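Everything on this sheet refers to the single structure shown next.
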Amino acid sequence: MIFSLDFFAAAGYSLLDGTVNRTSLEIDKTAVDALALFQAALPAEFFERQRKAARKPPEKGVYTTPVVVSLMILQRLLPGKATLSGAVQQVLSGRLQGLLPPHKRIEESTLSGNTGAYSRARQRLPQAVAEMASDQVVVYLLAQQQEALPGLGRQAFLLDGSSVALAHTKELLDAYPPASGRHGESHWPVMRVVVAHDLVSGIALRPAWGPMYGKKAVSEQALVEKLIDQLPDGSIGVVDRNFGIFSVAWYFGQKKHPFVARMTEVRARFLLQGKLPQQIDQWIDWKPSRWDRHAHPDLPGDACIRVRLIATQVLRKGKVIQLYLVTTLDLPVEQLVELYGFRWNIELDLRSLKQTVHLHTLRSTTPEMAAKELVLAVTAYNFVRAAIDTAARAANLNPRQISFSRAQDVVNACLPNLQAARTEEQYNLELERMLRRIAQCKLPQTSHRPTYQRAVWPRGSPFPTKRKAPGGPHA
């Protein structure tokens, strides 16, 4: 059977008719106001518990832990430069009145606009607190998330890896060595990052990271185990063929998580002992190969996992493509192919993280600051995803149909009006306008992105080309 499904394109898949059938939703204004969402997901009691657990004295000054965490998140939501100065201006403008502690400089409006105090407070922030804050926001946002497919009864998460360039400092070069080749080392340190995003809403778990090169380099397969530990109980992992290996499947099984993974032709041939039929659907016992045991010596001697191997064909742009899937789910093949088809969304999410939230590079100069910047930047991304999800529910749309970049522009434009509202009626009016505008940011419904001929556009000059005068001194 050939499935006419474009499993490489997110737009080629929809939930039933492209909408998410949900019950009537009472809009929670904390889901779209960044400051209100921060206070709801990370109340003051959360930070107070962390302070007491660390046995630290009460904080003094303006830039307390809640203020620093909120500013590091807001930096990623601010349009333009997203600098320390821009974050400090948020404090001076009075937009964080609900978070700022009572302080003489705030009351007298004499707080300095310099960034030194904020920069030192960022460095004092414990990395563990930033990570726990990120996890707390994810738990809050995913509390009401629904099943990945109608009738499935489970959430699903898309997992994939990427890389992030870092600042060229000695500490970062030691922790995250740059790439090297026949012509020597490159300039920028590189961090390997693996992410996991909710299939429906796109909300991201705290990423896992490590060095991409050097003697202590970690693989994506090793990092993905840290993300599997974060998955909600019983949720499904959807991964590409880079993760369709025994060690990843074994770890999914140990943590009681079903999964759907694509396999390479070579691995599928190994499991089928050299046979590769175009159509197959059978349960087999998957045991580690000699290479698996060499790469993962901690595997027990009797390691084995019962999996279902599926070989089928899909139609993409008029071409038939052979697809090999391995899973522990007992679902119809059509539904498994559809579930795997959503995997392309993680590529779009990574693009949003890198381009729209500016995570293609990290500006921090130490490994600890880079880690804090990474996890709180992903938290900022989740705030925009929360706004998209709320608007989509109100309009009965699939959140994946809404452009992340355009929705972030709407959030940035509407937040000042939301925070300036003086009455509940005015707030609800501004909120309704914001949700309506986000719901209008729908992506074009095409099965694939347009392709263009690879070429370089010439850069024009505003001045005419100077010509040599005939017979002149430079002729």
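Restricting attention to segment 351-388, the residues being touching an Asp or Glu at 6+ places or on another chain (Cβ under 8 Å) and open to solvent by 20 Å² or more (accessible area, probe 1.4 Å) number 4. Here Gly210 meets the list (1) open to solvent by less than 50 Å² (accessible area, probe 1.4 Å); (2) closer than 25 Å to His296 by Cβ; (3) in a loop (DSSP other than H, G, I, E, B) almost entirely, failing just condition (3). Taking the criterion of being under 18 Å from Gln97 (Cβ atoms) and at pLDDT below 85, would at least one residue in segment 44-55 satisfy it? There is at least one residue in segment 44-55 that is under 18 Å from Gln97 (Cβ atoms) and at pLDDT below 85. Taking segment 73-109, which residues are at pLDDT below 80, more than 26 Å from the chain's Cα centre (by Cα) and among the charged types (D, E, K, R)? If the condition is that a residue be at pLDDT below 80, more than 26 Å from the chain's Cα centre (by Cα) and among the charged types (D, E, K, R), then Arg95 is the only one that fits. Of all the criteria given as (1) under 21 Å from Ala387 (Cβ atoms); (2) more than 17 Å from the chain's Cα centre (by Cα); (3) β-branched (Val, Ile, Thr), the one not satisfied by Val137 is (2). Scanning segment 66-96 for residues that are within 18 Å of Leu125 (Cβ to Cβ) and open to solvent by 30 Å² or more (accessible area, probe 1.4 Å) turns up Thr83, Leu84. Lys215 passes every criterion in (1) surrounded by 15 or more Cβ atoms within 10 Å (Cβ to Cβ); (2) among the basic types (Lys, Arg); (3) under 24 Å from Leu374 (Cβ atoms) apart from (1). The requirement of being touching a helix residue (DSSP H, G or I) at 6+ places or on another chain (Cβ under 9 Å) and open to solvent by 80 Å² or more (accessible area, probe 1.4 Å) is fulfilled nowhere in segment 325-343; no residue meets it. Considering the conditions (1) of a type outside the set (A, V, I, L, M); (2) buried (at least 19 other Cβ atoms within 10 Å of the Cβ); (3) within 18 Å of the chain's Cα centre (by Cα), Ser247 is excluded by exactly one of them, (3). Can you find a residue that is open to solvent by less than 40 Å² (accessible area, probe 1.4 Å), among the aromatic types (Phe, Trp, Tyr) and modelled with pLDDT under 90 anywhere in segment 278-290? No, segment 278-290 contains no residue that is open to solvent by less than 40 Å² (accessible area, probe 1.4 Å), among the aromatic types (Phe, Trp, Tyr) and modelled with pLDDT under 90.
For segment 313-419, which fully contained helices (runs of 4 or more DSSP H) count at least 3 residues that are within 15 Å of the chain's Cα centre (by Cα)? Steps first, please.
Working: elements: 333-341, 345-351, 367-394.
Qualifying helices (runs of 4 or more DSSP H): 345-351, 367-394.
Exactly one condition in (1) modelled with pLDDT of 95 or more; (2) surrounded by fewer than 16 Cβ atoms within 10 Å (Cβ to Cβ); (3) in contact with a Leu (Cβ under 8 Å, 6 or more places away or on another chain); (4) of a type outside the set (S, T, N, Q) is not met by Gly113; state its number. Tallying (1) modelled with pLDDT of 95 or more; (2) surrounded by fewer than 16 Cβ atoms within 10 Å (Cβ to Cβ); (3) in contact with a Leu (Cβ under 8 Å, 6 or more places away or on another chain); (4) of a type outside the set (S, T, N, Q), Gly113 fails exactly one: (1).
Is it true that some residue in segment 262-269 is under 26 Å from the mean Cα position of the chain (by Cα), surrounded by 12 or more Cβ atoms within 10 Å (Cβ to Cβ) and either more than 25 Å from Glu220 (Cα to Cα) or not polar (S, T, N, Q) (or both)? Within segment 262-269, one or more residues are under 26 Å from the mean Cα position of the chain (by Cα), surrounded by 12 or more Cβ atoms within 10 Å (Cβ to Cβ) and either more than 25 Å from Glu220 (Cα to Cα) or not polar (S, T, N, Q) (or both).
The values are calculated or read from the model by the stated rules, or taken from the named source; none is laboratory data. Here the structure is a predicted model, which is why all the values come from computation and not from measurement. Glycine also receives a Cβ, built like all others from the backbone with ideal geometry; neighbour counts cover every protein chain displayed. SASA here: full protein model, heavy atoms, side chains in, ligands and nucleic acids out. Shrake-Rupley method; radii C 1.70, N 1.55, O 1.52, S 1.80 Å.
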